[in-house]
Structure formats: structure tokens, C-alpha cells
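Got a structure for you, questions after.
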Amino acid sequence: VEFVREFKGHKSGVVALATLDRKGRFLSAGMDKTVRLWDSRFDCEEELDEEGNILREPLTHLATFTSFERLVYAIEVMREGCYVRPTDDIDMAMITAMAKKTAMQGAGAVQRAAVLREIIECSGSFATLARNDREINIWNMNVVDKTDGNLPNGNVAKIDLDCVINHDASIGTMTVGHNLILAGDIMGVVTMWERSKRRSLTSWGGNSKTWTKVHKFTPWKSGVLHSPAEISKQSILRLCFLDRETFVSASKSGTIRVWDNIDALNTFEVYKKKNSHSMKITSDLVSGIQKLAPVEDPTTGELCLAFSVSSTDGHVMSMALYPRDPRKKVQDELVMFHVHNNTADEDESKSVDVDSIAVSEGFTSTNGDSFHPVVITGDSHGEIKTLKPEWKSVAIC
């Protein structure tokens, strides 16, 4: 591993990161109540004169957004948008951006941008969540028009509030995907919003669409009273989409629940008994859920949706949703096909908390013609490890 670059700017701790696109942009949220936009590409080098003196610093920091009243602790990218620098290779995004700039600012605008190394296009959208808040804010980002003479903090992009999604209780976590938003609250309820095709009359810049609440997934039976202690155990800590019809939730009690066949639902309130598979995997907390690429059942050859879950008691479990025969009208089964116990190097009998988890791809052959998922874990000892989930044996949950 080679150190590449530091990204300095936040005045206090960084609490959330989100990759915006494949061109190197990412977002960071800090305890200073700002969200910052960065360019991480390795070719963002400083410009030197003949004597080696720095004429211009590398443009890694693109913008600082200060439109937040409360500390943002979660960011989810809604749309990666477009990012064009004058030094980029010519592609369709650059051609479109150059044509737009020429039409709006004249034929010399693109040439001036190239000389001054100005960003031609910088757009996208993202959602933010504050701790214990009942709102999800969705922001549209666009490039700053330098002709208006207003460049706060040297920003190359600005954000406008696109819409606010209001929830009934404090939201503990959220995730986005497939034109859907999931919000898990402290009452144990997961609410799903879908972006409708109708454009909002109050949209910013004509790009907004309305969000409609379509389902409420609940562990509770209607009309049944529960104690505060019972409710607290059901608080949602993690959410992860597997595909448009399937997602995984994890509660404070250490239980994971897979909700599937969402598109077939015809009721607003969805109860766990008939529409989910659940398993208590830990007496501690679930620290992460990550989607895996579909795995193949070595017996039948069927592809199954899969994911990995980590916990603060030192376990990493890989699970799959095993498809059943639809003719038998039996639900799919949740199966566990790989378990790893994270232990201390000096004492293998002692488990070490897994605090975070990520998934990447690795090669299964030296010529790189096939891939397998690689699970990356970070533990309480400060160690980072990689695991390869393999279908060794199956335990039905």
C-alpha cells in the first residue's frame, strides 16, 4: 500500500464519506457541520516552474458546503451527475458540457476555461441525514457560474435543497438505490419512498421529482402495545439493498431481517411474519452489512442473492437468499454459507470486535479473467483484514 495524498480542510473529525462517481469525486461530512467535495484522482498534481517552485496547488478540494444546521453523519449519493475538467480525455460528457458552455457564454468560454484550468461541469445529487433527525434532505449540485462574480470560498460547485422527506420518528440509518429511499427509525420501522415520474411543482431547476411513501415494514402487530425496552431493541441500525425487490435490515437486538418480493406487495404496512426472513446473529451489535455479488450454489448451480454481515463480537457471516421452487408456493430460504471468527493474533481463542466492513472484487486467476468477492474488515485493534467468502456448508436460518 502506497500513501498518495492527504485531503485537508475539515476543522474537526470526519464522520461520513461517500464516493460520488468513477472520475474520482467523493464527499466528506465533518463535525464542523460542513460537507466537502473532493477530487481524488492521482493526476491532480501541482504546477511547477522551471526552478521547481509551486505555481499552483493541485485542485483536489472542489467545494465546501455550509448549508447544514445540524451535524451530518450520513451521506448517500442519489445521482453521480457529470464532472468535466478541461484536461480530461474527450468523451460524450465533455462534448455535451462544452456545447452547453459555448451556447450560454460564447465561443471563447471553453478556451478560457482550458487556459485557466476551470471546471467546466460539476453536477450530481446526494442525501444527508443528521443524528436523531426526522428529516432526510436531498441536495442538487451544479457548477458555479463564474460570470456572476460570486465564488464563495473558491467553490467550483454549489448546492440547492431539492426536497425534504419527513418521517414520523427519529431516523437511525438510511440507504438509497433503484429510485428508492429506505429509512430505518428508532421504533424498528423501515419506511420506503419511491421517486415518482411526475415532476414536482416546487422543484429546483426543474430536476426534482416527488417522493411518495409506498411501504412501511414493521416488526409490530397493529394495535399491540410494547414496552420502551422492547421498542429500543428493535431500533434499526443498518440497511442494505440487494436488488430492487430485496433489502436487509439489522436491529439493535442483533437480528437481521431480509425483506423480499417487494414489487409484489399490495399493502402499505408490511408485517414481518409473511414477508421476511430473520435470524438473530449476535448478542452484541451488527456493525455492517454489505452486498456481495450473486453466489452460485455448488449443488444446483443456481445464483443466489448474497451479503455479508459483521458484528462487534468478532464474527463475519456471509448469507444467501436461496430460491425455492415457485410451484410449491414456498418462500425463499435464508442460508448461511460462510462464517469467520475474527481473533487476536497473539491469542486465537479471543475474539476481536469487527467495527466496519466493505466489499471489493478480487481475481480468481492470474490472468484476471474471473472475479470473486473480497470482504474487507476493520477491527478494534486497528487491523484491516481481507476474507474470501466461499460456499463450504449451508445452515438454514
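Sorting R238, R131, R41, R25 by accessible area (1.4 Å probe), largest first, what list results?
On the way: R238 90, R131 135, R41 50, R25 0 Å².
Largest accessible area first, the list is R131, R238, R41, R25.
Could you work out how far the C-alpha centroid of region 251-272 sits from that of region 62-104, in angstrom?
Here the answer is 35 Å between Cα centres.
Label-point separation (nm) for I376 and T299, each offset 7 Å from Cα along Cα-to-Cβ?
Roughly 3.5 nm, to one decimal.
Could you pull out the pairs from K33/K252; K23/K291; K11/K100; K350/K388; K274/K350; K11/K252 whose alpha carbons sit more than 30 Å apart here?
K11/K100; K274/K350; K11/K252
Would you mind getting the accessible area per residue of region 153-199, heavy atoms of the protein chains only, 1.4 Å probe, in Å²? Present the calculation step by step, with values, prior to reporting the outcome.
Working: 1980 Å² over 47 residues.
Spelled out: the 1.4 Å probe surface of region 153-199, per residue, equals 42 Å².
On to the next question. How much length is gained if the chain between H226 and D145 is pulled fully straight, taking 0.36 nm per residue apart and subtracting their Cα-Cα distance, in nm to one decimal? Provide the component values of the computation, followed by the final result.
On the way: separation 81, 0.36 × 81 = 29.16 nm, distance 5.47 nm.
Value of the extension gain: 23.7 nm.
Hey, if we sort M336, M31 by accessible area with the 1.4 Å probe, largest down, what's the order?
The most accessible residue leads, giving M31, M336.
How high is the FRET efficiency between A99 and D160 when r is their beta carbon distance and R₀ equals 22 Å, given to the nearest 0.05? Show your work: numbers first, answer last.
Details: r = 24 Å, r/R0 = 1.07.
Efficiency for this residue pair is about 0.40.
Let me ask you something else. Amide H neighbours of N342 under 5 Å, counting only residues 5+ apart in sequence or on other chains, H built in-plane at 1.01 Å?
Amide H neighbours of N342, under 5 Å, 5+ apart: H315, V316, V352.
For region 80-136, with all protein chains present and a 1.4 Å probe, just round the carbon and sulfur fraction of the accessible area to a whole percent. Write down the numbers at each step before the final one.
On the way: 1630 of 3010 Å².
C and S fraction of accessible area: 54 percent.
Quick one: accessible surface of L20, probe radius 1.4 Å, all protein chains present, in square angstrom to the nearest 10.
It works out to around 10 Å².
Moving on. Can you send over the solvent-accessible area of H381, 1.4 Å probe, protein chains only, in Å² to the nearest 10?
100 Å²
Okay, next question. With the other protein chains left in place, how much accessible area per residue, in square angstrom, belongs to region 212-301 at a 1.4 angstrom probe?
Details: 4590 Å² over 90 residues.
Per-residue value: 51 Å².
Report the accessible area of T312, computed with a 1.4 Å probe over the heavy atoms of all protein chains in place, in Å² rounded to the nearest 10.
About 30 Å², ignoring ligands and nucleic acids.
Hey, another quick one. Within region 81-101, which residues have the backbone N less than 15 Å from the label spot 7 Å out from R112 along Cα→beta-carbon, could you tell me?
In region 81-101, the label zone of R112 (backbone N under 15 Å from the point 7 Å along Cα→Cβ) covers 101.
Using a 1.4 angstrom probe on the protein heavy atoms only, line up Y271, Y83 by accessible area, largest first. Don't skip to the end; give the middle numbers.
Details: Y271 65, Y83 5 Å².
Reading off the accessible areas and sorting them downward yields Y271, Y83.
The values are calculated or read from the model by the stated rules, or taken from the named source; none is laboratory data. Computed from a prediction, not measured in an experiment: that's the story for all the values here. Every residue, glycine among them, receives a Cβ derived from its backbone with ideal geometry; neighbour counts consider all protein chains shown. When the accessible area is computed, the model is the full protein with side chains, heavy atoms only, and any ligands, DNA or RNA have been set aside. Shrake-Rupley method; radii C 1.70, N 1.55, O 1.52, S 1.80 Å.
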